[in-house]
Amino acid sequence: MNSKLPTSPHGHRGPAECGLSVPGESAVLHPGVKPASLRDGFPLLAGAPALHYLDSAATAQIHRSALDAVLRHETTSRANISRGTYRLAEAADLAYERARQTAARFLNAGSSEEIIFTSGATASLNLVAHAFGNTLRAGDRVLISIAEHHSNFVPWQMLRQRTGIDLALIPVSASGRLDLGGLSELLDSRCRLVAVTHLSNVTGAWTDVATLVDAARKVGASVLLDGAQAVQHGPQDVQALGVDFYAFSGHKCFAPGGVGVLWGRAELLAAMPPFLAGGGMIGEVTPAATSWAAPPQRFEAGTPPIAQAVGLGAALEWMMSLDWAQLHARESHLCRQLIEGLQTIPGLRLIGPEFSAARAPIVCFDIQGLHPHDICQVLDARQLALRGGHHCAQPLLAALGVGGCTRASIALYNDEADIQALLDGLHFVLKELA
Ligand SMILES: Cc1ncc(COP(=O)(O)O)c(C=O)c1O
């Protein structure tokens with residue numbers, strides 16, 4: 001994991017056992033539910049009242065609706081899909097396709113046939129780098145940013161190695177926002193794709209998608225957004241965003257792990273060859289040649305993560321039932337409380353922009369002289385779960401002149417007590433380690 005981050009002199013250990021237990025049924029949640037009671041909908045959190053979980057950018061806790069849907073599916077409708085003619089298999093088909101329709105509504109996709117289930121954002125991004133990548137020629141340009149997660153960085157480097165594409169980088173400003181000042185030079189007629197994060201997992205900065213899309217359209221380039229972080233903060237509208245591909249993971253939006261989504265515009269998907277080959281993605285196979293199924297099946301070779309997709313559908317339905325204006329105001333309030341508190345800590349450098357509305361509650365910081373793993377270890381002893389390291393964004397950290405940093409990420413189940421516990425914890429860290 002943190003292969004390039006120097007080892008902590010204090011000897012980092014893994015996350016401590018929390019001694020968690022799963023409680024009984026909690027209240028069903030309805031639109032307009034009071035955010036304070038949201039925590040009850042997450043069995044792990046409800047079973048660990050002392051835990052301050054501030055690592056939702058890595059994995060969000062799973063919501064009860066998703067767990068229930070997985071259990072219900074596995075105990076009433078488990079069968080393989082697209083194959084069986086018996087009723088149980090038809091029930092599995094129906095559940096899986098219903099989840100696809102839910103994902104389409106969550107993203108406001110034109111059609112559920114534009115939704116491809118994958119194993120996660122990484123698989124979605126690799127799918128585009130391979131399948132769309134196969135339509136590119138040497139000299140074609142792909143424009144990414146220095147702020148990308150490795151899963152939207154390395155696949156393009158590998159494509160460059162395979163095909164000779166030109167890979168260009170949007171730089172960041174000192175605060176870590178994408179610096180779009182030089183966009184007109186980077187986006188010339190060779191550019192076929194702009195592939196950037198929608199929301200940075202390090203700086204918490206939202207990307208100015210409108211400016212990017214406008215510029216990309218002028219040269220005929222497609223736009224991919226890595227929505228891995230964005231989806232946790234509410235449903236997205238790919239048509240309003242004006243993009244062509246959108247990738248995300250279930251485990252970051254209160255759903256099970258092992259499932260993700262790639263959305264792509266129908267006409268682009270139709271022009272792409274498959275990535276993985278196997279059962280389910282073919283039209284016809286003869287000893288001489290194989291033809292492909294239409295999307296989305298063309299890109300879903302083999303048995304997909306069926307129960308996980310059903311769980312994802314349930315989590316997304318639940319998310320769509322929430323009052324996001326209220327939740328954004330709350331997230332913003334907690335983000336401000338955190339950033340203002342961090343700014344009182346001696347020797348602390350905030351990585352990423354100051355507090356503003358264009359900032360999500362993903363907050364990285366570096367404390368002079370202290371290793372992020374040591375900080376996290378001391379905080380863990382106080383029931384605070386935070387991530388320390390390079391956050392799979394080594395080029396960004398290098399550009400910002402940071403070796404590693406500590407990240408607190410806030411989700412809808414966090415509250416002021418979590419933030420205060422972290423601020424108190426950091427003062428304790430300073431006493432213990434500085
Ligand atoms: C911005 C971003 N992109 C992509 C990913 C990869 O997601 P996954 O590991 O779920 O495939 C992450 C994970 O942290 C991320 O933060």
Q | Test for A357: is it at pLDDT below 95 and not basic (K, R) | A | yes
Considering residues that are over 23 Å from I351 (Cα atoms), open to solvent by less than 40 Å² (accessible area, probe 1.4 Å) and either under 17 Å from the mean Cα position of the chain (by Cα) or away from the ligand (no atom under 16 Å from the Cβ) (or both), the number found within the stretch 143-162 is 3
Exactly one of L397, L423, L412 is under 19 Å from the mean Cα position of the chain (by Cα) and in a helix (DSSP H, G or I), and that one is L397
Item to complete: For D323, indicate whether it is in contact (Cβ under 8 Å) with a residue 12 or more places away in the chain, under 20 Å from F42 (Cα atoms) and among the acidic types (D, E).
Response: yes
Here the qualifying pairs (Cβ atoms under 6 Å; residues six or more apart or on different chains; first in the stretch 78-91 and farther than 12 Å from I306 by Cα; second of a type outside the set (S, T, Y) and open to solvent by less than 40 Å² (accessible area, probe 1.4 Å)) come out as L88/A79
Condition set open to solvent by less than 50 Å² (accessible area, probe 1.4 Å) and in a strand (DSSP E or B), scope the stretch 185-202, selection nearest to the ligand (Cβ to nearest atom): answer is T197
Would it be correct to say that L169 is open to solvent by 10 Å² or more (accessible area, probe 1.4 Å) and either within 16 Å of the ligand (Cβ to nearest atom) or assigned to a strand (DSSP E or B) (or both)? yes
Only one of L269, L316, L262 is in contact with a strand residue (DSSP E or B) (Cβ under 6 Å, 6 or more places away or on another chain) and among the aliphatic types (A, V, I, L, M), namely L262
| Quick check: anything in the stretch 82-90 buried (at least 21 other Cβ atoms within 10 Å of the Cβ) and either assigned by TED's automatic domain parsing to the domain that holds A360 or away from the ligand (no atom under 16 Å from the Cβ) (or both)? | no
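Does the stretch 114-133 contain any residue that is part of a helix (DSSP H, G or I) and of a type in the set (D, E, K, R)? Outline the logic, then answer.
Taking the stretch 114-133 first, the residues part of a helix (DSSP H, G or I) are 114, 121-131, 133.
Checking the rest, the ones that are also of a type in the set (D, E, K, R) come to 114.
Scanning the stretch 114-133, I find at least one residue that is part of a helix (DSSP H, G or I) and of a type in the set (D, E, K, R), so the answer is yes.
The values are calculated or read from the model by the stated rules, or taken from the named source; none is laboratory data. None of the values given here were measured: they were computed from a predicted structure. Here Cβ is always computed from backbone atoms with ideal geometry, including for glycine, and neighbour counts include all displayed protein chains. Each accessible area value is taken on the protein alone, full model and side chains, heavy atoms only, with ligands, DNA and RNA left out. Shrake-Rupley method; radii C 1.70, N 1.55, O 1.52, S 1.80 Å.
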